[in-house]
Structure formats: C-alpha cells, structure tokens
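Each remark here refers to the structure printed beneath this line.
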C-alpha cells in the first residue's frame, strides 16, 4: 500500500472512531488498535504507540472544554493519578515480557468488558453518603454545579478506588488505551463520586496516565510517525466534531450499535491472539 | 477544579487555555510534518506488519530535535507528538505551583510524585 493511500484510509477510520467514541462516551482509542491490527495488518506494538498519543490528544482536547464547567475535582484526580501513573509504568514494563498475541487476547477481554459497561450505562447517582475518615484526611470531598446551585458530595471507599485505579493504569500502560471504563468504575462504584464528577475527572486523568507510558514507548521506537500522524489527527478531529453535535444527537441506538461493534472486535482480537495471527 | 483561595475561576481559565494551546500547537506541528512527509514520500510503499522499531533519530529527544532542524517531515511529526505528550506534564507542573501558592503542602507532595513519574518516563530512557 502506498503511503498516501495508507494515510488517507487510516485518517478516515480514525476520524470515524473518534466521532463514535465521543458520541457514545467510550472513547476512540478503544477501536483504533483493532482497526490498525485487524484491518491494516499493522503490528500491535505500532498500534499501541499510535493509540496512546491519540488518547492524550482527545483527553486534553475534551478536558479543555470540561475544566471551565467546574465538574472535575483536581484533588481526587491528582491523588488517584499517583496510582494510575505508577500503574502505567508497571504496565509498560510488563508489555516487554508478554507476547503480542497475549496482549491481543487481554485487549479483546477489555473490549468485551467496555461494551458490557456501556450497555448498562446510567446517569442516576447513588444516594449521598458520609465521607470516610481517609477521604476527609485527603480532602477529597467537593462541590459541583447543578441547575439548583452548588451541590456538596462526600467520598468513601478510598483504598478500593485506589487499587482499581492502579489496575486501570497497568491496563493503560500495557494496551495503550485510556482505560476510561475502569476509571469511571473506580470512582462511580467504589468511591461513590457523582456521575458528572467521575466522568469529567476520569477524562482529565486519562491524558496524564497515557503520558506516563508514552515517553517509554517513544524511546522504545513503538511510536511511528507514519501511523501516529493520521491516527492522532483523525481521532482528534473526529472527537471534537462528535462532542460538538453530541447535544443534538440521539445516541441511545448508536450506543448499542457501537457496543455491538466493540463486542465483534473484541471477539476477533481474542481469536486472532489465540491462533497466533497477531 | 476546586482550588479554593486563589481564585478558582482563574485557575480553571489558565488550565483550560494551557490544554487548548498545547493540543492545537502539537496538532499543527504534526500536520506540518505530515505534509512534508507526504510530499516527499507519498508514493513510496509501506508495510507495518512486522515490528522493527523506529530508528534512533525518531525515538530520542536529541534525535528528533536534530531531524527537525534538518526539516525532516517524520522528525517534525515526532516533535508534534512530543509536544502532545508534554501537554499533560505541563498541566501537572502548573497544578504543583497552584497548590504551593495555596500552601497545601500535602497536595504539593502528591503532585510532585505524579510529576516525577511523568518526567522519568519522558527523560530517563529517552536519552
């Protein structure tokens, strides 16, 4: 395939991935790696490198918009980033020890899990809880804007949330994805943080987590300019466009369709990993 | 972003601007590098199905700097990607300063841990 054709096709596919990722809230990175490996027969190491930088681009681009709205909690984010960044370093080192086939299989299971999570997507918040002593000590409690004015929330389950975040960091460093699904799970389920706060805080953590392993991947030669250029620009443009029309779009059906696509890709990654084709 | 006492609004605006400028700047650099690369190498054939690893001048910071000075398209793309990786790092560094101004020593320490991990990844092995 010529460089021009490859660039054009990968940029178009990445645009679509970023667009659907923003509309459905699943993130574009999660389909970029299967697209590159299954469709374009790119080695999974190059695919991981390209996906990582595109994850940083979309996270920073979206965080720039969210940060003004006052939902994200910088203390929760920074505290948990000590777990995700160290986890990401661990993941990037583990990646050296396991084969591309095993990474493909693990990736497939993460895809299936992401699709499962998105199918039971909800926006209702758990009833308010009392803060745990550790949450008080770390001053994680906060306020966020609602139509009725500022609403106070308290945080609990800090050790469990921290542990899950460490796992999210390992997955991010190993697979080159944002692990947004695991991050929201940690904050939403374990720490009982309101949905709006956990999604926006998770989003801004994703870029920092990805940056923690991107430097290592760059120096290992995984980040190839010919692949990362169309992927990053495509995903970024697609996600900005998706975020723009998000307010008007009816995404329920789309979310199910996209979840179906992800299940199919996950199954194919697992199959190709087990049969040694990746 | 609720940093109390130093003007929440101001910090939010600075962080938002920092992120937006970082992303726009790096995307523009990647685009410029991409144009040069496509103009010069657009009709060559590529195959990424086996991993070779990028050459030294596209994976180390000094190599990328040298290639950029020589106006190499691929090196300029890598420079843009480096700027992209540096954007969250700059944001964490800024948070450390904001916590210091608030005299919140616990969160200065927490932020410096995150910053140390990021700088390690970027520089320790990138020489």
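Just so it is clear, none of the values below were taken in a lab; they were calculated from the coordinates. Being a predicted model, the structure only gives us computed values, none of them experimental. Positions of Cβ are backbone-derived with ideal geometry, glycine not excepted, and every protein chain shown enters the neighbour counts.
So the values come out like this:
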{"item": "Taking the C-alpha atoms of region A:1-69, convex hull volume expressed per residue in Å³", "result": "83 Å³"}
{"item": "On Cα atoms only, tilt of A:3-24 relative to the major axis of chain A in degrees", "result": "20 degrees"}
{"item": "Principal-axis tilt of helix A:100-119 within chain A, Cα atoms, nearest 10 degrees", "result": "40 degrees"}
{"item": "Theoretical ellipticity at 222 nm over chain A - DSSP helices of four or more residues, -39500 (n - 2.57) apiece, nearest 500", "result": "-23500 deg cm²/dmol"}
{"item": "C-alpha center-to-center spacing [region A:33-56, region A:133-177] in angstrom", "result": "29 Å"}
{"item": "Cα principal axis extents for region B:40-86, largest first, Å", "result": "29, 23, 18"}
{"item": "Ranked by how many other beta carbons lie within 10 Å on average, peptides A:201-211, A:181-191 from highest", "result": "A:201-211, A:181-191"}
{"item": "Two-decimal log10 I(q)/I(0) for the protein assembly as shown, as the Debye equation yields it once each C-alpha is a single scatterer, q = 0.11 Å⁻¹", "result": "-0.74"}
{"item": "Principal semi-axes in Å for region A:163-278 [√(5λ), Cα gyration tensor, largest first]", "result": "24, 20, 18"}
{"item": "Region A:1-42 residues near the modelled residue A:277 label - backbone nitrogen below 20 Å, point 7 Å along Cα→Cβ", "result": "A:1, A:31-42"}
{"item": "222 nm mean residue ellipticity, helices alone, for chain B (DSSP H n ≥ 4; -39,500 (n - 2.57); rounded to 500)", "result": "-24000 deg cm²/dmol"}
{"item": "Rounded to 10°, Cα long-axis angle of helix A:252-274 versus longest principal axis of chain A", "result": "50 degrees"}
{"item": "Where labels lie 7 Å past Cα in the beta-carbon direction, separation of residue A:96 and residue B:105 in nm", "result": "3.7 nm"}
{"item": "Mean shadow area of region A:124-204, taken as a quarter of the surface of its Cα convex hull (nm²)", "result": "5.4 nm²"}
{"item": "Volume per residue of the C-alpha convex hull in region A:1-146, rounded to whole Å³", "result": "152 Å³"}
{"item": "Surface/4 estimate of mean projected area, convex hull on alpha-carbon atoms of region B:1-122, nm²", "result": "9.4 nm²"}
{"item": "Peptide B:14-25 - average C-beta neighbours from other chains (10 Å radius)", "result": "5"}
{"item": "Within 10 Å of each Cβ in B:72-84, the average number of Cβ atoms from other chains", "result": "5"}
{"item": "Gyration tensor (Cα) of region B:54-127, equivalent ellipsoid semi-axes in angstrom", "result": "32, 12, 7"}
{"item": "Burial order of peptide ranges B:113-120, B:66-73 (average beta-carbon count within 10 Å, highest first)", "result": "B:113-120, B:66-73"}
{"item": "Per-pair calculated FRET efficiency, R0 = 41 Å: residue B:35 and residue A:134 via Cβ, rounded to 0.05", "result": "0.20"}
